[in-house]
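**Q** Here it is: the structure, laid out below.
The values are calculated or read from the model by the stated rules, or taken from the named source; none is laboratory data. The structure presented is a predicted model; accordingly, all values stated were derived computationally and were not measured. Here the Cβ is made from the backbone with ideal geometry for all residues, glycine too, and neighbour counts use every protein chain on show.
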Amino acid sequence: MGALMMHVCLVAALGAYLCTAAPVLGGLQVFVTPIVSVRRGHTTTLPCWLNPPESAEGLEVRWFRPDQFDSPIMFYQKKKFQDSSQKASYVGRVSFGLKDAASGGLTTGDLSLKLENAMIEDAGDYTCYVSSDQGYDRASASLIVTEMGTSPLLSAEWKEDHMVNLSCESVGWYPEPSLRWSDQKQVLTPESLKNSKDSSGLLSVHSWLLVSSSTEVSCTVGVSNEESKEARVHLENHPQPEFIQSSSSSVAGWVAFALLLIAMLVLLGVLCYKKERYMFHLR
C-alpha cells in the first residue's frame, strides 16, 4: 500500500507541536513538547507520542541528535533496544519514559525519551523518529540544560568625590547569565560587563560601575525562566576612607600601649629579683 503524504504544521493543546512533510504512519502523527528544561545533573523526559493513540511495540523508534541519524541516542526495533550503534555518551542514561502520570507507555503510543544525569553537552535539539512498513514520521524538540551559579559577590573601592567603584561577580552558570544593576529608582548601566567559560563549560559573569557613596545598589544575576540571585549593598552604612584611617591609628595606639605595658612588667620583675637577692645577702 502506498504511503500517504502529508505536509502539516500544528500547535495543539498543552503546547504540543508537529511540523512534518513525511509519509505518515497509516494516518498516525508524531507529536512532541517543543521545549523542555532541566537542571544539570537531574532527570527529565522529552515527551513524544502518536496521535491517535496506538501501540508502538511493533514499530521502529529512534531518538537522535541533528545529523546523527546513524548514531542514535536510543534505538528500539523488533521489540527490543538495539545498542550496537548507540551514541556512547548516552549509554546507561536513556530509556523510554512517560509523558504524564496517566500514560500507558509504548502500548498507548508513548515514545517519550527519559534522560538521566543531564549534562551541559546534552543541550540542543532532539528528533523523535518512528517508522514501519507503512511509512514514517518525525518531530523535533529542544532541551535546555540549566545550572544555577553562586550568589553574586560584591566588592567596593572608594574613589574621589564621594564615588564608589562597585564590582559584582558570579560563577557556575549555564546558559549564559544576565546581570542587572539597579538602585532604589532605576536600572543602572554598567561600565563593564564580561562573560567567561571554565573547562567544564559553565559560565561566569563580572561587571563594575561607579556610583555615589550614598546609594543603595543591588546586583541581580540569572538565566531565563529560572530563579535569579541577588546581592545588595547599602553604601552609606559602610566605612569611608577617613574612618578606615582613624581605625588604623587606633589599632596602632593599642599596640603601642601593649608594648609599654610589657616593658613595665619586665622592669618590675627585674626590680623584684634584685630585691630578693639583696635580702638574701643580709641574712
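**Q** Hey, among the residues in the range 91-139 that are under 21 Å from the mean Cα position of the chain (by Cα) and in a strand (DSSP E or B), which one's nearest to Pro72 (Cα to Cα)? Step through it out loud before you land on a result.
**A** So in the range 91-139, the residues under 21 Å from the mean Cα position of the chain (by Cα) come out as 93, 114-126.
Going one step further and asking which of them are in a strand (DSSP E or B), we end up with 114-115, 124-126.
Numbers: Lys114: 14, Leu115: 14, Gly124: 14, Asp125: 13, Tyr126: 10 Å.
Among residues in the range 91-139 that are under 21 Å from the mean Cα position of the chain (by Cα) and in a strand (DSSP E or B), the one nearest to Pro72 (Cα to Cα) is Tyr126.
**Q** On to the next question. Here is a list of conditions, (1) on the phi > 0 side of the Ramachandran plot; (2) part of a strand (DSSP E or B), and Ser142 meets all of them except one; can you say which number that is?
**A** (1)
**Q** When the residues of the range 209-232 are filtered to those that are among the hydrophobic types (A, V, I, L, M, F, W, C) and buried (at least 18 other Cβ atoms within 10 Å of the Cβ), which remaining residue is farthest from Asp161 (Cα to Cα)? Break it down into steps so the answer makes sense when it comes.
**A** Just the residues of the range 209-232 that are among the hydrophobic types (A, V, I, L, M, F, W, C), to begin with: 209-211, 217, 219, 221, 223, 231.
After this cut, where a residue has to be buried (at least 18 other Cβ atoms within 10 Å of the Cβ) as well, the list is 209, 211, 217, 219, 221, 223.
Values: Leu209: 15, Val211: 11, Val217: 18, Cys219: 23, Val221: 29, Val223: 36 Å.
Taking the candidates together, the pick is Val223.
**Q** Could you run through the range 181-196 and say how many residues are of a type in the set (Lys, Arg) and under 25 Å from the mean Cα position of the chain (by Cα)?
**A** So the first thing to find is which residues in the range 181-196 are of a type in the set (Lys, Arg), and the list is 185, 194.
Now drop any that are not under 25 Å from the mean Cα position of the chain (by Cα), which leaves 194.
Number satisfying all stated conditions: 1.
**Q** What's the number of the condition Gly58 fails, among (1) part of a loop (DSSP other than H, G, I, E, B); (2) modelled with pLDDT of 95 or more?
**A** (2)
**Q** Trp158 passes all but one of (1) crowded, with 18+ Cβ neighbours inside 10 Å; (2) of a type in the set (Phe, Trp, Tyr); (3) touching a helix residue (DSSP H, G or I) at 6+ places or on another chain (Cβ under 6 Å); which number fails?
**A** It fails just one condition, (1).
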